[in-house]
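J.: Quick one: the structure is below, and I'll ask about it shortly.
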Amino acid sequence: MIIDSLKFLLFFIFSYFIPGYVIVGRTKNSSVAIKIFLAIALGFSLSAISGYLGQWLYYGLIAVSLIIFVATRRYKDFIGKFNFKIDKIGVIITLLIILGILFQNMITFRTGLNYSYGVGYWGALAHDGVWHHALINQLMKGLPPQNPGFSGTQLVNYHYFYDLLVAQSAKITGIAVSDLIYRFYPFIFSLLMGVGTYFLSLKLFKNKWAGVFSVYLAYFGSSFGWVIDWIKNRPLAGESAFWANQPVSFNINPPFAISLILLIAFLIGFKSFSEKKNVRLAVTLVLIGGTLIEFKVYGGLILLASLLIIALKKIVIDRDFHYLIIFAGILALSLFVFLPGSRGAGGFVTFFPYWIIDSMVDIVDRVGWPRLSLARTVGLATQNWPKFFAAEAVGLFLFIAGNLGTRILAAGAFFIIPVKKWWQDNSYLLIFVMLFASILPTLLFVQKTDPWNIIQFTYYFIYLVAVLAGPVLYWIAVKTPKIIAAAILISFIVLTPISSVWTFKSGLNENVSYIANDEMTALNFLKGQPDGVVLTFPYDPYLRYAIKNPTPLPIWAYQTSAYVSAYSNKQTYSEDLMQQGILGNDFLERQKLSDNYLHQRMTSNEAADFLKKENISYIYIPKALSPQVNVKPKGKIIFENDMAIVYRINHE
């Protein structure tokens, strides 16, 4: 791990920091520390876009950037420029960042490691992490990437720039993909989120203590879900009782995690640009903002919509066209990277106002408030509109206040910060507009396959509110009597993370799923075979109930995932049904064909035609499921142990 850490550090410097610093290093109105943060974020964007355009362009970026960095002596910017004087705030920020990294990554750091029983997985990483692993394998083979779990098809309708960065890292450093996605990058993302939040707060509010509070909330903020559990006499948890995941789970969604860093960097750069127009900063904003949509489409849409409003306001009120030019550049770059991999993306959402709120109220394992649900239903059925709208208003309040938790104090920012500043300061206005742009889609639309997935817009709302709550807490600390202020702040610090503590503690508990050692041996054997499509056993959600010892569950019984593709480094015929549904692929037909073949519902000729038409070369079956399967006469066993069987298909 030490050697891998050194390799990753060198890769990080040469691939991200130096290319970014060559551009931002000469900007005048930012500290060296902020320039380093901006350089890293810009480096992410530069590496992604150059890799997207071609491998040799990516290598050229690294080489040319290094030459410019040395030739222009940019390294001298770091000689004698850092003052390591330790003060109270510096110690507090450092401790918060260290604790925040641990808090966000207890689950991720332990996932994907080899234990006595095999490879362990915690929480949603048994699906999400495995999907990224499988996709990264395909990206290492070339662009455009193939869909790892839907053989013979190109990946479409997916933002994969994060996965592309990891693929570049794995190819150059030789570090295992599992270590990169569960340890190295989560550590970097958590570190940069804390550092970037402090810099952003400092830029906006000019107060270090406000930055301290913002950082605390960015890491440890959680919902009021624990209140729901307390009312229902359940263990205090409820992180996502109001649908939205909280910061403790941000690294389970790495495309969001890196998109948040890019958004923070954009806001910092935007503030600097508003203070002093600068071509380098403008280029930085265009590159970061333009690639954001391919890291996370939700973040890209929020930025584009919000920046358009700012640009129009500057044109109409101030006759200033600078922001329109930046918006146009970001829009052009966004379309350039987004459209080639998009197939009917506009049809992925449906106008369905208040579904997210109504479902939150109705579903038992969310808020589950039957009386409120009944009031809404009866009000609508009887056209008792006051009753109906009152119920919906209560639901809206629960959704916003419940998801924000103690961060709801951020509402005070609109009282302690003059109204004039919210209108006149471009950065304040941009954040204000972004708050609406990040909450309205969740309230008005659903995603077709997984309606709740639209909640990811709200994650940006939650973060921005955390930043705005920082100065409010500082105002309470200095404007109220010391005893009252101390009581409020202590209560605030203690109550804030309660809902997320259970999620953190789950990383200390036994894992929920695993891949057994012998099954890993089978997958490694399959990985060493010539490339070809692998047919897997169709996922059955009822298998988990047939397992005698259900904790932990074998990954094939726990949840649909692309684990065979991830660890065999091959495309599978139909795997990870959840992801295929999100991508808009017709996985049901493939599942039916797979099921019919494996359960002998095809004639010999039909089976042979199926295997040949779908170009299937291997069949992989967990041993526990093998009694249900018959692949003869076309399938020949090439590997078998106590956990898995691998067949090779003879097409002759």
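J.: Between the stretch 175-243 and the stretch 447-467, how far is it from one alpha carbon centroid to the other, in angstrom?
T.: The distance from the Cα centre of the stretch 175-243 to that of the stretch 447-467 comes to 15 Å.
J.: Quick one: putting +1 on the C-beta of Lys and Arg, -1 on the C-beta of Asp and Glu, what dipole do you get for the chain around its Cα centre, in Debye to the nearest 20?
T.: With Lys and Arg at +1 and Asp and Glu at -1, about 2200 debye.
J.: State the extension gain, in nm to one decimal, for the chain segment bounded by Arg601 and Ile483, taking 0.36 nm per residue of separation less the distance between their alpha-carbons.
T.: Numbers: separation 118, 0.36 × 118 = 42.48 nm, distance 7.57 nm.
Roughly 34.9 nm would be gained on extension.
J.: Now for a different question. List, in order, the whole-Hz ³J(HN,Hα) value for each residue of the stretch 189-201 obtained from phi through the Karplus relation with A = 6.51, B = -1.76, C = 1.60 and θ = phi - 60°; use x for Gly and Pro.
T.: Running phi through 6.51 cos²θ - 1.76 cosθ + 1.60 with θ = phi - 60° gives 5, 5, 4, 5, 5, x, 5, x, 4, 4, 5, 5, 4 Hz.
J.: Please sort by residue number the chymotrypsin sites (Phe, Trp or Tyr not before Pro) in the stretch 224-322 whose DSSP state is loop and whose Cβ has at most 13 other Cβ atoms within 10 Å.
T.: Values: sites: Phe224, Trp226, Trp230, Phe242, Trp243, Phe250, Phe256, Phe266, Phe270, Phe273, Phe295, Tyr298, Phe321; in loops: Phe224, Phe242, Trp243, Phe321.
For chymotrypsin sites (Phe, Trp or Tyr not before Pro) across the stretch 224-322 that sit outside H, G, I, E and B with at most 13 neighbouring Cβ atoms in 10 Å, the list reads Phe321.
J.: Here's something else I'd like to know. On the protein heavy atoms, probe 1.4 angstrom, tell me the percent of accessible surface of the chain carried by carbon and sulfur.
T.: 66 percent
J.: Under a plain spin-label model, where a point goes 7 Å from the Cα along Cα-to-Cβ, how far apart in nm are Lys206 and Gln628?
T.: 6.7 nm
J.: Would you be so kind as to identify which of Asn596, Asn615, Leu577 lies farthest towards the positive end of the dipole of the chain, taking Lys and Arg as +1 and Asp and Glu as -1 on Cβ and the Cα centre as origin?
T.: About the Cα centre, the residue reaching furthest to the positive side is Leu577.
J.: Leaving out ligands and nucleic acids, and using a 1.4 Å probe, what accessible area per residue does the stretch 273-369 come to in Å²?
T.: Dividing the accessible area of the stretch 273-369 by its residue count gives 44 Å².
J.: Describe numerically, in nm with one decimal, the distance between label points set 7 Å from Cα along Cα→Cβ at Lys592 and at Asp77.
T.: It is 5.9 nm.
J.: What Kirkwood radius, in Å to one decimal, follows from the Cα pairs of the stretch 278-374?
T.: Mean inverse Cα-Cα distance, inverted, gives 16.1 Å.
J.: Take every DSSP beta bridge whose two residues both sit in the chain, then give the antiparallel share in percent to the nearest 5.
T.: Antiparallel: roughly 75 percent of the beta bridges in the chain.
J.: Helix-derived [θ] at 222 nm for the chain: sum -39500 (n - 2.57) over DSSP H runs of at least 4, divide by residue count, nearest 500?
T.: Computed ellipticity for the chain at 222 nm equals -19000 deg cm²/dmol.
J.: A further question on this structure: Starting from the amide H of Thr572, placed 1.01 Å from N in the peptide plane, find each other amide H under 5 Å away whose residue is 5 or more places distant or on another chain.
T.: Close amide H contacts, sequence-distant or interchain: Gly149, Phe150, Ser151, Val534.
J.: How high is the FRET efficiency from Asp87 to Ile493, r the C-beta distance, R0 22 Å, rounded to 0.05?
T.: That pair, Asp87 with Ile493, gives E of 0.60.
J.: Under a point spin-label approximation (7 Å from Cα along Cα-to-Cβ), what is the Lys387-Phe321 distance to one decimal in nm?
T.: Placing both labels 7 Å along Cα→Cβ, they lie 5.9 nm apart.
J.: Between 0 and 90 degrees, rounded to the nearest ten: what's the tilt of helix 32-53 against the longest Cα principal axis of the chain?
T.: Roughly 30 degrees, rounded to the nearest 10.
J.: Further question: Between the alpha-carbon centers of the stretch 304-366 and the stretch 605-652, tell me the distance in whole angstrom.
T.: 46 Å
J.: Charges only on Cβ, +1 for Lys and Arg, -1 for Asp and Glu: so what's the dipole of the stretch 358-480 about the Cα centre, in debye to the nearest 20?
T.: Once rounded to the nearest 20, the dipole reads 320 debye.
J.: Step through the residues of the stretch 67-75 one at a time and calculate ³J(HN,Hα) from phi using the Karplus curve (6.51 cos²θ - 1.76 cosθ + 1.60, θ = phi - 60°), rounding each to whole Hz and writing x for Gly and Pro.
T.: 4, 5, 4, 6, 5, 8, 6, 5, 4
J.: What FRET efficiency, computed as 1/(1 + (r/R0)^6) with R0 = 25 Å and r the Cβ-Cβ distance, is obtained for Asn650 and Asp450, rounded to the nearest 0.05?
T.: Details: r = 39 Å, r/R0 = 1.57.
Efficiency, from the Cβ-Cβ distance: 0.05.
J.: Hey, any idea what Rg/Rh is for the chain, computing Rh the Kirkwood way over Cα pairs?
T.: 0.98
J.: With charges only on Cβ, +1 for K and R and -1 for D and E, what is the dipole size of the stretch 498-632 about its Cα centre, in debye, rounded to 20? Can you show the working numbers first?
T.: On the way: 12 positive and 13 negative charges, 45 e Å.
Here the size comes out at about 220 debye.
J.: Skip the ligands, DNA and RNA, and give the accessible area per residue of the stretch 380-537 with a 1.4 Å probe, whole Å². Could you put the intermediate results ahead of the total?
T.: Details: 7090 Å² over 158 residues.
Using a 1.4 Å probe on heavy atoms only, each residue of the stretch 380-537 averages 45 Å².
J.: Still on this structure: Could you tell me what fraction of 2.2 N^0.38 Å the Cα radius of gyration of the stretch 218-337 comes to, as a two-decimal ratio? Mind dumping the intermediate values first?
T.: Values: Rg = 18.4 Å, N = 120, 2.2 N^0.38 = 13.6 Å.
The value comes to 1.36.
J.: Amide H to amide H under 5 Å from Gly118: which residues, 5+ apart in sequence or cross-chain, H placed 1.01 Å off N in plane?
T.: When sequence neighbours closer than 5 places are left aside, the close amide H contacts are Asn517.
J.: Once Lys and Arg get +1 and Asp and Glu get -1 on their Cβ, which of Gln104, Val91, His132 lies farthest toward the positive end of the dipole of the stretch 1-139?
T.: The residue sitting most towards the positive pole is Val91.
J.: For Phe436 and Ile13 in the same chain, what is the full-extension length gain: residue separation times 0.36 nm, less their Cα-Cα distance, in nm?
T.: 148.6 nm
J.: Can you list the equivalent-ellipsoid semi-axes of the stretch 154-255, largest first and in whole Å, using the square root of 5 times each Cα gyration tensor eigenvalue? Intermediate results must be reported in sequence, preceding the final value.
T.: On the way: eigenvalues 182, 103, 31 Å².
Three semi-axes, in Å: 30, 23, 12.
J.: Within 10 Å of each candidate Cβ there may be at most 11 other Cβ atoms; applying that plus a DSSP loop requirement, which trypsin sites (Lys or Arg not before Pro) in the stretch 1-109 survive?
T.: Here the sparse-neighbourhood loop sites are Lys28, Arg73, Lys81, Lys85.
J.: Tell me, what is the FRET efficiency for Val70 and Lys171 to the nearest 0.05, using R0 = 22 angstrom and their Cβ-Cβ distance as r?
T.: E(calc), rounded to 0.05, equals 0.35.
J.: With θ taken as phi - 60° and the coefficients 6.51, -1.76 and 1.60, list the Karplus ³J(HN,Hα) couplings across the stretch 423-436 in order, rounded to whole Hz; mark glycine and proline as x.
T.: Running phi through 6.51 cos²θ - 1.76 cosθ + 1.60 with θ = phi - 60° gives 8, 8, 7, 4, 5, 4, 5, 4, 5, 4, 5, 5, 4, 6 Hz.
J.: Turning to a different aspect of this structure: Taking every alpha carbon pair in the stretch 469-582, what does the distance histogram look like in 10 angstrom bins from 0, in percent?
T.: For the stretch 469-582, the pair-distance distribution reads 11, 26, 21, 12, 12, 13, 4, 0.
J.: Suppose the chain between Ala411 and Leu312 were pulled fully straight at 0.36 nm per residue; how much longer would it get relative to their current alpha carbon spacing?
T.: 33.0 nm
J.: Of Ile645, Gln529, Asn114, which is farthest along the charge dipole of the chain in the positive direction, counting Lys and Arg as +1 and Asp and Glu as -1 at C-beta?
T.: Asn114
The values are calculated or read from the model by the stated rules, or taken from the named source; none is laboratory data. Note that the structure is a prediction, hence the values are computed from the model and not measured. Neighbour counts are summed over all protein chains in view; Cβ atoms, including those assigned to glycine, are modelled from backbone coordinates with ideal geometry. Heavy atoms of the whole protein, side chains included, go into the accessibility calculation; ligands, DNA and RNA do not. Shrake-Rupley method; radii C 1.70, N 1.55, O 1.52, S 1.80 Å.
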